[in-house]
Each structure stands twice: as structure tokens, then as C-alpha cells.
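All remarks here apply to the structure that follows.
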Number of protein chains: 2
Amino acid sequence: MPVDARPDLTLCHCLAVRQAARHVTRFYDQFLAPSGLRTTQFSILAKLRRAGSETITTLARDLVMDRTTLGRNLRPLEREGLIAIGKGSVDQRSREVRLTEAGAARLRAGIARWIEAQGGFETVFGNRRSSSLRALLSAVSAVDFGAASADMS
Amino acid sequence: MPVDARPDLTLCHCLAVRQAARHVTRFYDQFLAPSGLRTTQFSILAKLRRAGSETITTLARDLVMDRTTLGRNLRPLEREGLIAIGKGSVDQRSREVRLTEAGAARLRAGIARWIEAQGGFETVFGNRRSSSLRALLSAVSAVDFGAASADMS
DNA sequence: GCGATATACTTGCATATGCTCCTAATTAGG
DNA sequence: CCTAATTAGGAGCATATGCAAGTATATCGC
């Protein structure tokens, strides 16, 4: 590459993944709307059903989300009684988050819609490409950027 | 698949792309921070440099972003004098957004950091996989979900 | 030309995102 | 034990995200 060449900013991986996230989120949210859940909320409830009970920190790590972000995202769910948050049994600092009955019911309603969204996505994008994409995205989310981080302090 | 089988929610494409977006954004933002730009702002300025001048609606479409979201995202940039917004010459309703000199300078500073981030990403994720990923993400962003939309009104 | 329709944008609302700084509880060293 | 470093979580700040509803301008039909 010539020294003077302007780098091609259209090749930005960050922009690509953010644009796709916006586009796909709007699609899924459209389906989930009747259930009264957003994709983020749906993901949280789904994760809780699998995990049973988790602290905010571990749940945040599972969802590749900042702790403080998750803490706030839990608020609307708790307000609606879809989750319950109690003190951690071993560590008094931590808080255990668990799915309530109402939350499980809401999740079931959401799942019916999610199946449509997921199916719709795969129909238009193709099963093969969908699988490839999800595999690559999972790999990205699992990457440890620590070694290449800007801040080495 | 058995009728009673619970669908595997961990295969959600929406969750996958959102998690990846969060993870990658944090990585790029770390690098961009010294330039005083966030990835979203960097993308907007970069787009404006290429486009020269665009209305909010077309710019939003280019960035796969809601018009109202973009409208608000422009505010901090205008406040800092990195962009200028004037009335559209042909259509009086529209507003033309363009890069200022200060914006171009800021963008140049950001590009230096972006190169590090982009390079770091490709180093840890691999050039081949990075290319495949970006291609798939571009395809996703270009998909017209209209036909498979939940709302057919 | 005028009323109907469409388009460009803004505002209000609610959630999403993560950083920095703070407090409380835990754990490590001595 | 008791202090120091660590960890779990919250609060404040700023931006990001998009829907619904509203206003202003353009364009279409006649």
C-alpha cells in the first residue's frame, strides 16, 4: 500500500457489526413487540432460564455486557415482576437474579415470537450463511482483546 | 425436531450480533478515546468526508440508522463544531450536513487511532476471518426484511 | 390553484451502552 | 487479627437507539 494512500474506512469491522446489529435488532424487535419484550430483555430472561440464578457480574459476562449496563437493564424487568433480585447467599455484596413465574410466562410468549423472527431471518439470509455468520460472531465475542488493547497500564 | 423440543435460544442471530457489536465497539472505542471521538461519531464524520454533503435522511440510510437517532447523534458533533448543518438548497424541509475544517482535522486524528484498532482486530481475529465476517455483515445490513416482516399493514 | 398525500425533520418517551467514581464486603499478607 | 488490595454493585454523566406523534414543506390529482 502506498504511503500516501488514504485507508479505506468503509472496511471498518466495528461499523459493519454495529450497522448489522441495528438492522437485525429492528427486525427481531418488530416480532417481539407484541410480547412486551425487547431483544435485550428477551436475551436476559432466556439466559436466566438456562442459568437458573446468577449474580449481576456473571450474568453480564455471559451476555458480553458491562455490569453497570446490565444492572440498569434489570430495572424494568424487576419493576414488571419478571425477575427477582435477592442478596447473594455466600457473598453479601453480590445480588442473585432469578426468573419469576411471570417472567417464565412472558419468556414463553416471547419465544413464540422469537421463533418467527429467527425463522424469518434464516429464510431471507439462508441457513448456511446464517450459521456461518453466527459462528463468526460467537468467535468475535469470545476474543480476548487484552493483548492488543490500547491501554496497557 | 420433536414437537416438544425447546428451541435453542443460544442460536439467536440477534443476540450474537449484539454481543459482538458491544465487544468490538468497546475495543475500537478504547483506541479512539484519545481523539475525543466515539465509533459512532467517527463513522458519521468518515461518511461525510466521502459523501461531501448529505441530508439527514440519506445519511441515516447510508449508516443503517434511524433518522431520529442520527438527528440526535449529530448534536454533540455540531456543538463541537465538527459538522455544520444548513438548510437544504432544493428542499426547504431537509437539512444539509457537512464536515467542517475542525471536523476534518478531528477525523484525521481519529483515523490514526482507527488504523491501530482495525489492525489490532485483524491481528487477533485473522485477516481471512475478518474479511469473511465483514462480508457477511454487509450482506446482513443490505437485506430487505420487508417481505418477512411481522407487520404487514 | 387547492385539497390530499407524502416526505423531512423534531420532540417526547423509554430503554441501551459503558466509563468514572463511590461504598460496602471480601480476601490476601503480615 | 488488622491493614491493604480486591471485588460486587450503585450513582452520575454522556451518548446511542428507535418508536409514536407532531409540524412544516413538497408534490400529486384534479
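Here are some notes:
- Lone unmet requirement of (1) at pLDDT 95 or above; (2) farther than 22 Å from B:ARG22 by Cα for A:ASP66: (2)
- Residues that are loosely packed, with under 13 Cβ neighbours inside 10 Å and small (Gly, Ala, Ser) were ranked within region B:89-111; the one that is farthest from the chain's Cα centre (by Cα) is B:SER89.
- Top-ranked residue of region A:96-112 - restricted to ones that are free of Cβ contacts under 8 Å to residues at least 60 places away in the same chain and touching a strand residue (DSSP E or B) at 6+ places or on another chain (Cβ under 8 Å), ranked as farthest from A:GLN30 (Cα to Cα): A:GLU96
- Single condition B:GLY120 does not satisfy, out of (1) open to solvent by less than 50 Å² (accessible area, probe 1.4 Å); (2) more than 10 Å from chain A (Cβ to nearest Cβ); (3) among the small types (Gly, Ala, Ser): (2)
- Residues of region A:1-59 classified as small (Gly, Ala, Ser) and more than 8 Å from chain B (Cβ to nearest Cβ), total: 6
- Filter result for A:ALA46 (in a helix (DSSP H, G or I) and over 14 Å from the mean Cα position of the chain (by Cα)): no
- Reported count of residues in region B:72-95, each being in contact (Cβ under 8 Å) with a residue 40 or more places away in the chain and on the phi > 0 side of the Ramachandran plot, is 0.
- Residue match in region B:51-73 (condition: in contact with a helix residue (DSSP H, G or I) (Cβ under 9 Å, 6 or more places away or on another chain), more than 9 Å from DNA strand D (Cβ to nearest atom), part of a helix (DSSP H, G or I) and farther than 23 Å from B:VAL140 by Cβ): yes
- Of the listed requirements (1) closer than 30 Å to B:ILE44 by Cα; (2) open to solvent by less than 70 Å² (accessible area, probe 1.4 Å); (3) near DNA strand C (Cβ under 8 Å from one of its atoms), A:PRO76 misses just one: (1).
- Test for B:ASP91: is it out of contact with any Gly (no Cβ under 6 Å at 6 or more places or on another chain), within 19 Å of A:GLN19 (Cβ to Cβ) and of a type in the set (Asp, Glu): no
For (1) surrounded by fewer than 24 Cβ atoms within 10 Å (Cβ to Cβ); (2) more than 10 Å from DNA strand C (Cβ to nearest atom); (3) among the aromatic types (Phe, Trp, Tyr), each residue gets a yes or a no:
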position: B:ASP8; (1), (2), (3): yes, yes, no
position: B:GLN19; (1), (2), (3): yes, no, no
position: B:PHE31; (1), (2), (3): no, yes, yes
position: B:THR40; (1), (2), (3): yes, yes, no
position: B:ARG49; (1), (2), (3): yes, yes, no
position: B:THR55; (1), (2), (3): yes, no, no
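The values are calculated or read from the model by the stated rules, or taken from the named source; none is laboratory data. The structure displayed is predicted, hence computed values, not measured ones. In this analysis, Cβ positions are derived from the backbone assuming ideal geometry, glycine residues included, and neighbour counts consider all displayed protein chains. Heavy atoms of the whole protein, side chains included, go into the accessibility calculation; ligands, DNA and RNA do not. Shrake-Rupley method; radii C 1.70, N 1.55, O 1.52, S 1.80 Å.
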